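S.K.: My questions will all concern the structure given below.
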Amino acid sequence: MSEKVYGLHAVRALLTRHAERVSTVTIAEGRADPRMTEIQSLAQKAGKTVKRASPAVFKQLFGEAVHQSVYVDVAPLAVWREEELVAAIVKQLEAADGKPPFVLMLDGVQDPHNLGACLRTADACGALAVVIPKDRAVQMNATVRKVAAGAAETTPIAVVTNFARTLRLLKEAGLWIVGADAEAPKLAHETDLSGPIALVMGAEGSGLRQLTRETCDLTVRLPQQGAVESLNVSVASGMLLYEALRQRLSAKKGR
């Protein structure tokens, strides 16, 4: 069963990095600008069929979403198991490009909109994968894929049966485990997040589970000056992911 992924950036990424999973590319009639010409060229280079469809077809498929007049039919990204996650981390640690891996781990997020939003931001920040527990947490579904706006087809999801064990395995593989906690003594921007890390976020309302918190190497918090006690998990994840990305870009620039 194929999924439909729309948007210039998502389609370009799939044709560039995962062309083997793309079956067809569909472009709205009347679009012939340079960006669409690039998409056509990438599709033809990869040997993919390019079709044209009316704007009405796009509206029927995607409603008011900003589809940018292009979508692809793509085979869903396979869910990673624990061993595949660890293998990918080890491979990245050993890679010659010197790019330290980082993953986003969600400890029991329940809302599919939050998972989709986290996936989207993780993709934008270059996370290697997003990790979720098999039980007592939302799983991949149509709502998650829609909110993720293509990121579910480019950023792997790893589903694990024992969250705390996976944290320990990632430690052994070489990652620093950083938990997000509103009561943490250290602020995120005062903490080195530029190396190989797993950023761990808690569930809506309850936050990190006790065992998860105890397994973390350290916890960090975001600065707050308003009256609210905590931020939505997808918002907090986005802020912390971008802080990690900011530090990584600064470190790369300084080398």
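The values are calculated or read from the model by the stated rules, or taken from the named source; none is laboratory data. In this text, all values refer to a predicted model and were calculated from it rather than measured experimentally. For neighbour counting, all protein chains shown are included, and Cβ atoms are generated from backbone atoms with ideal geometry for every residue, glycine included. These area figures cover heavy atoms from the full protein model, side chains too; ligands, DNA and RNA do not enter into them. Shrake-Rupley method; radii C 1.70, N 1.55, O 1.52, S 1.80 Å.
S.K.: Pick out the one residue from E190, E183 that is over 25 Å from A124 (Cβ atoms) and either out of contact with any Phe, Trp or Tyr (no Cβ under 8 Å at 6 or more places or on another chain) or surrounded by 13 or more Cβ atoms within 10 Å (Cβ to Cβ) (or both).
M.R.: E183
S.K.: Of all residues being open to solvent by 50 Å² or more (accessible area, probe 1.4 Å) and within 25 Å of V147 (Cα to Cα) in the range 21-40, which is nearest to the chain's Cα centre (by Cα)? Just the residue, please.
M.R.: Among those residues, the one meeting the criterion is S23.
S.K.: Can I ask one more? State which residue is surrounded by the fewest Cβ atoms within 10 Å (Cβ to Cβ) when the search covers only the range 110-137 and only residues that are more than 12 Å from I197 (Cα to Cα), aliphatic (A, V, I, L, M) and modelled with pLDDT of 90 or more.
M.R.: A124
S.K.: Which of the residues that make up the range 210-222 are open to solvent by 20 Å² or more (accessible area, probe 1.4 Å) and touching a helix residue (DSSP H, G or I) at 6+ places or on another chain (Cβ under 8 Å)?
M.R.: Within the range 210-222, L211, D217, T219, R221, L222 meet the criteria.
S.K.: Moving on to the next point. So which residues in the range 41-93 are surrounded by 15 or more Cβ atoms within 10 Å (Cβ to Cβ) and on the phi > 0 side of the Ramachandran plot, if there are any at all?
M.R.: If the condition is that a residue be surrounded by 15 or more Cβ atoms within 10 Å (Cβ to Cβ) and on the phi > 0 side of the Ramachandran plot, then Q68, S69 are the ones that fit.
S.K.: Condition (residue is more than 26 Å from G205 (Cβ to Cβ) and outside any strand (DSSP E or B)) applied to the range 121-143: is it met by at least one residue?
M.R.: Yes, the range 121-143 contains at least one residue that is more than 26 Å from G205 (Cβ to Cβ) and outside any strand (DSSP E or B).
S.K.: Of the residues G195, G205, G226, which single one is open to solvent by 10 Å² or more (accessible area, probe 1.4 Å), at positive phi and assigned to a loop (DSSP other than H, G, I, E, B)?
M.R.: Being open to solvent by 10 Å² or more (accessible area, probe 1.4 Å), at positive phi and assigned to a loop (DSSP other than H, G, I, E, B) holds for just one of G195, G205, G226, which is G205.
S.K.: Conditions: (1) touching a Ser or Thr at 6+ places or on another chain (Cβ under 7 Å); (2) assigned to a strand (DSSP E or B). A184 meets all but one. Number of the miss?
M.R.: (2)
S.K.: Six or more apart or on different chains, Cβ atoms under 7 Å: show the pairs whose first residue is in the range 1-29 and without any contact (Cβ under 8 Å) to a residue 40 or more places away in the chain and whose second is open to solvent by less than 60 Å² (accessible area, probe 1.4 Å) and among the hydroxyl-bearing types (S, T, Y).
M.R.: Once the first residue is without any contact (Cβ under 8 Å) to a residue 40 or more places away in the chain and sits in the range 1-29, its partners that are open to solvent by less than 60 Å² (accessible area, probe 1.4 Å) and among the hydroxyl-bearing types (S, T, Y) give E29/S54.
S.K.: Collect the residues in the range 1-17 that are part of a strand (DSSP E or B) and open to solvent by less than 60 Å² (accessible area, probe 1.4 Å), keeping them in residue-number order.
M.R.: Scanning the range 1-17 gives E3, V5, Y6.
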